Amino acid sequence: MNKALRNPLLYVLFVLPAFVLFLAFFIYPIFTAINHSFTSWNGISKNISYIGLDNYATALHDQAFWKSVRNNAYFILFSCLIQVPLIVFFSLLIASVKKLKGLYKTAVFMPSIMSTAVIGILWGFIYNPDFGLMNKVLGVFGIPPVYWLSDKNWAMLSILITNAWQWTGFYIVMVLAAILAIPRELEEAAAIDGASGIQRALKITIPLIMPIISVVIMLSVAGAMKAADIVLVMTKGGPAGSTDVMATYMIRYAITSFRHGFGNAIAVLIFVFTILITAAYQVFVSRRTERIEY
């Protein structure tokens, strides 16, 4: 057995299937998209004409494209500044309970395993201006109905709240696992020294789980850059493009308008923006978060 494990060919045989799949479903599509982004191909015709950087120039000079970029930025900022603090807060609360901890974990995790289409339809009823729960609550305080999904001032915020509701539970389970892995002796020693619950959370728990919080932020940024399904289900990018994100902008031109070359150019731009954002995060933030050994 040991002699077989020393054979490099054995490792190649194990790695080869995954490597072939990686080439077929990741590397090849990337280079195909880059190639098509320099064309005016409609996705159907056999005739492909190359037009250089015209697709990129068209996108970068289109105000609608930059509006979609701004909306992706809203997703990122909402995730990092509002969703992540709430994730940490609720994780600390669940970790502190003595009974039914499993029930709470299951309850918060449930939305993340539901289909986005179901989530969008459910919250569509909640946001309904005539009989929705949101306006019913506002009516109790004498506030007139709000057109959550048809008013461009509220539509983007409504989608951000819905998206956060769907995925917060998934990240809570990750952070909660990190909290529960912290040795109890650390908090017990701090409690004996007179530290309050808030002080233990700020001085011990949160610093020790910073690596997993960094991972949560990275996953949130990646999810924000590819957000599309929740927007398509709830508003289809409306009203008047106010909730368009880069992915829905791409879908509109690549599929609906049969501008396959232009759609691939948008896909490449999404890829480039995502790489730049994640690389900047790794350089300026993630590397400063040291791995902690207990």
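Could you check how many residues of segment 138-151 are β-branched (Val, Ile, Thr) and open to solvent by 70 Å² or more (accessible area, probe 1.4 Å)?
To start, the set of residues in segment 138-151 that are β-branched (Val, Ile, Thr) comprises 140, 143, 146.
Cutting the leftovers down to open to solvent by 70 Å² or more (accessible area, probe 1.4 Å) gives us 140, 143.
The number of residues fulfilling the criteria is 2.
Scan Leu100, Leu86 and give me the residue that is open to solvent by 70 Å² or more (accessible area, probe 1.4 Å), under 20 Å from Phe170 (Cα atoms) and either touching a residue at least 60 places away in the same chain (Cβ under 8 Å) or touching a Lys or Arg at 6+ places or on another chain (Cβ under 7 Å) (or both).
Details: Leu100 fails: either touching a residue at least 60 places away in the same chain (Cβ under 8 Å) or touching a Lys or Arg at 6+ places or on another chain (Cβ under 7 Å) (or both).
When all the criteria are applied, what remains is Leu86.
Could you list all residues from segment 64-78 that are among the hydroxyl-bearing types (Ser, Thr, Tyr) and open to solvent by 10 Å² or more (accessible area, probe 1.4 Å)? Before you say what the answer is, go through the steps one by one.
Going residue by residue through segment 64-78, those that are among the hydroxyl-bearing types (Ser, Thr, Tyr) are 68, 74.
Tyr74, the sole residue that qualifies.
Considering segment 152-181 alone, what residues qualify as being open to solvent by 40 Å² or more (accessible area, probe 1.4 Å) and assigned to a helix (DSSP H, G or I)? Spell out the reasoning first.
The initial filter retains those residues of segment 152-181 that are open to solvent by 40 Å² or more (accessible area, probe 1.4 Å), namely 152-154, 157, 161, 165, 167, 170, 173-174, 177, 180-181.
Leu157, Ile161, Trp165, Trp167, Phe170, Val173, Met174, Ala177, Leu180 - these are the residues of segment 152-181 that are open to solvent by 40 Å² or more (accessible area, probe 1.4 Å) and assigned to a helix (DSSP H, G or I).
Are there helices (runs of 4 or more DSSP H) fully within segment 75-142 with at least 3 residues that are under 24 Å from the mean Cα position of the chain (by Cα) and at pLDDT 90 or above? List them. Reasoning before the result, please.
Working: elements: 84-96, 101-109, 116-126, 133-140.
Helices (runs of 4 or more DSSP H) meeting the threshold: 84-96, 116-126.
Working only within segment 108-128, note down all residues that are touching a residue at least 12 places away in the same chain (Cβ under 8 Å) and exposed (fewer than 15 other Cβ atoms within 10 Å of the Cβ).
Matches in segment 108-128: Met110, Met114, Ala117, Ile121.
Working only within segment 182-195, note down all residues that are without any contact (Cβ under 8 Å) to a residue 12 or more places away in the chain and either surrounded by 11 or more Cβ atoms within 10 Å (Cβ to Cβ) or of a type outside the set (Lys, Arg) (or both). Before you say what the answer is, go through the steps one by one.
Our first condition is that a residue be without any contact (Cβ under 8 Å) to a residue 12 or more places away in the chain; within segment 182-195, this holds for 184-185, 188-189, 191-195.
Correct list: Glu185, Glu188, Ala189, Ala191, Ile192, Asp193, Gly194, Ala195.
If I ask for residues that are polar (S, T, N, Q), open to solvent by 30 Å² or more (accessible area, probe 1.4 Å) and not in a loop (DSSP other than H, G, I, E, B), which ones from segment 250-265 would you list?
Start the filter on segment 250-265 by keeping residues that are polar (S, T, N, Q), which leaves 256-257, 264.
From what's left, open to solvent by 30 Å² or more (accessible area, probe 1.4 Å): 256-257.
Scanning segment 250-265 gives a single hit, Thr256.
Give just the number: which of (1) in contact with a helix residue (DSSP H, G or I) (Cβ under 6 Å, 6 or more places away or on another chain); (2) among the aliphatic types (A, V, I, L, M); (3) over 22 Å from Asp229 (Cβ atoms) does Ile51 not satisfy?
(1)
Considering only residues that are of a type in the set (Asp, Glu) and farther than 26 Å from Leu81 by Cβ, which ones fall in segment 131-188?
Here is the first cut: in segment 131-188, the ones of a type in the set (Asp, Glu) are 151, 185, 187-188.
Of everything in segment 131-188, those that are of a type in the set (Asp, Glu) and farther than 26 Å from Leu81 by Cβ turn out to be Glu185, Glu187, Glu188.
Tally time: how many residues in segment 256-278 are in contact (Cβ under 8 Å) with a residue 24 or more places away in the chain and either farther than 18 Å from Asp54 by Cβ or basic (Lys, Arg) (or both)?
7
The values are calculated or read from the model by the stated rules, or taken from the named source; none is laboratory data. This structure is a prediction, so every number in the text was calculated from the model and none was measured. Positions of Cβ are generated from backbone atoms using ideal geometry, with glycine treated the same way; all protein chains shown enter the neighbour counts. To get the accessible areas, we keep the full protein, side chains included, count just its heavy atoms, and leave off ligands, DNA and RNA. Shrake-Rupley method; radii C 1.70, N 1.55, O 1.52, S 1.80 Å.
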